Amino acid sequence: MPRLEDLTTFNPFIIWDAHVHIGRFQDIYFDPIQIALDLISLGVQRWVVSSTTLCEGIGSFNESLGEFDAMESVALGCAIPFLWVVPEMVGKLENYIEPRFRGLKVHARAHRWSPNGVALQSVARIAAERNIPLKLHTGGQLRCDAGAYYKLCRNNVNTKFILAHGRPVDQALVILKECPNVFVDTAFMPMDDVAMLVRYDMSDRIFFGSDYPLDQLFYPDESLKTRYRNSLKELQNVVPNTIFKNNLSRCLFE
Ligand SMILES: [Zn+2]
């Protein structure tokens with residue numbers, strides 16, 4: 001099987017998605033095989049995926065590995081797993097970062113992470129040592145608004161950070177301007193916000209993220225795939241196709 005690094009030849013029409021979920025979420029189960037089949041049928045070539053099952057705690061770690069295995073059985077190298085880091089892992093995080101994990105994710109709305117605490121510092125340091133990005137959920141609470149991570153991003157220049165959702169956008173913009181090691185994914189971002197980042201010359205720091213299939217929670221009566229296609233179309237009106245792949249590739253593999 002080709003290595004991911006060999007597959008980064010530029011093609012502006014190929015979609016890379018930086019934000020996908022599998023696993024249990026509230027009372028829904030996002031089946032890893034079905035999600036992979038959906039994405040393949042939508043023409044997505046690579047996708048970053050994390051398991052919401054693991055969000056429940058460290059006891060769900062092995063179960064989440066099974067979900068990644070199931071996805072891989074049809075994704076055949078297209079899925080790029082990120083490890084959902086829960087606070088219980090701190091101090092022994094290395095034990096959980098299997099080679100399959102190409103990035104880490106921290107969700108400070110789901111778990112109590114202090115943006116400037118030693119625990120998150122240690123996660124950022126390990127991400128830098130392994131040269132894998134650290135994705136941070138942003139928005140919804142002061143402790144995880146983008147601005148809360150300004151110091152973390154500025155003080156860890158060797159860590160690549162992804163501000164998922166880029167919320168609120170004015171705070172995300174400040175960090176992007178000050179910190180070349182920071183990227184934003186567009187999951188659930190209003191197009192006006194994406195357009196604003198582009199206007200401020202941040203086109204090379206944004207990548208497409210869908211949060212697929214979480215739309216199912218908010219739009220249960222709509223076709224997920226139709227929503228996906230429509231959001232891509234909207235985004236293509238605002239930014240060049242090239243951001244879908246190039247920026248994410250740079251963040252993951254350089
Ligand atoms: Zn998400």
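Looking at the chain, send over the antiparallel percent of its DSSP beta bridges, to the nearest 5. If you can, show how the numbers build up before the last one.
Details: 3 of 29 bridges.
Given both bridge residues lie in the chain, the antiparallel proportion sits at roughly 10 percent.
Tell me what the chain gives for mean residue ellipticity at 222 nm when only DSSP H runs of n ≥ 4 count, each as -39,500 (n - 2.57), the sum divided by the residue total, rounded to 500 deg cm²/dmol.
Details: 9 runs with 90 residues, N = 254.
After summing the helix terms and dividing by residue count, I get -10500 deg cm²/dmol.
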key: 3J(HN,Hα) from dihedral phi, the range 96-107, Karplus parametrisation 6.51/-1.76/1.60, rounded to Hz, x for glycine, proline   = 9, 7, 5, x, 5, 7, 9, x, 10, 10, 10, 10
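Charges at C-beta only: +1 for Lys and Arg, -1 for Asp and Glu. How large is the resulting dipole of the chain about its Cα centre, in Debye rounded to 20? Could you put the intermediate results ahead of the total?
On the way: 26 positive and 29 negative charges, 146 e Å.
That gives a dipole near 700 debye.
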Sequence-distant residues sharing a close amide H with PHE25 (under 5 Å, placed H) = PHE30
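Charges at C-beta only: +1 for Lys and Arg, -1 for Asp and Glu. How large is the resulting dipole of the range 86-205 about its Cα centre, in Debye rounded to 20? Please list the in-between numbers first.
On the way: 17 positive and 12 negative charges, 64 e Å.
So the magnitude is around 300 debye.
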Relative frequency of Cα-Cα separations exceeding 32 Å in the chain, percent = 14
query = LEU83's amide H: which non-local residues (gap 5+, or another chain) put their own amide H closer than 5 Å, with H modeled 1.01 Å from N in plane and none for Pro or chain starts?
reply = ARG102, GLY103, LEU104, LYS105
ask   = Averaged per residue, what accessible area in Å² does the range 121-162 show with a 1.4 Å probe, protein chains only?
value = 40
request  = Could you state how much accessible area LYS177 has, in square angstrom rounded to the nearest 10, with a 1.4 Å probe and all protein chains kept in place?
outcome  = 120
ask   = Where the accessible area of the chain is counted over protein heavy atoms with a 1.4 Å probe, how much of it, in %, is carbon and sulfur?
value = 51
5 angstrom amide H check on ILE15, placed H, neighbours 5+ away = GLN45
request  = Could you name the lysines whose alpha carbon sits less than 18 Å from that of LYS92, not counting residues in the same chain fewer than 8 places away?
outcome  = LYS105
message = Give me the net charge for the shell around GLY139: Cβ to Cβ below 10 angstrom, other residues only, Lys and Arg +1, Asp and Glu -1.
response = +1
note = A correct Karplus calculation of ³J(HN,Hα) over the range 180-194, with 6.51 cos²θ - 1.76 cosθ + 1.60, θ = phi - 60°, whole Hz and x for Gly and Pro, returns x, 8, 10, 10, 10, 9, 8, 4, 6, 7, x, 4, 4, 5, 4
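Please report the relative contact order for the range 64-207, taking Cα pairs under 8 Å with a sequence separation of at least 6, and give it as a percent rounded to a whole number. List each step's numbers first, then the result.
Working: 225 pairs, mean separation 23.3, N = 144.
The normalised contact order for the range 64-207 reaches 16 percent.
If packing is taken as the mean number of other Cβ atoms within 10 Å per residue, what is the order of 141-150, 30-39, 162-171, highest first? Please list the in-between numbers first.
Numbers: 141-150: 18.7, 30-39: 20.2, 162-171: 23.4.
So the peptides 141-150, 30-39, 162-171, ranked by packing, come out 162-171, 30-39, 141-150.
The values are calculated or read from the model by the stated rules, or taken from the named source; none is laboratory data. Fair warning: this is a prediction, and the values are worked out from it, not measured in the lab. Cβ sites come from the backbone with ideal geometry, for glycine too, and all protein chains shown count toward neighbours. We work out accessible area using only protein heavy atoms, side chains counted, and drop any ligands, DNA or RNA first. Shrake-Rupley method; radii C 1.70, N 1.55, O 1.52, S 1.80 Å.
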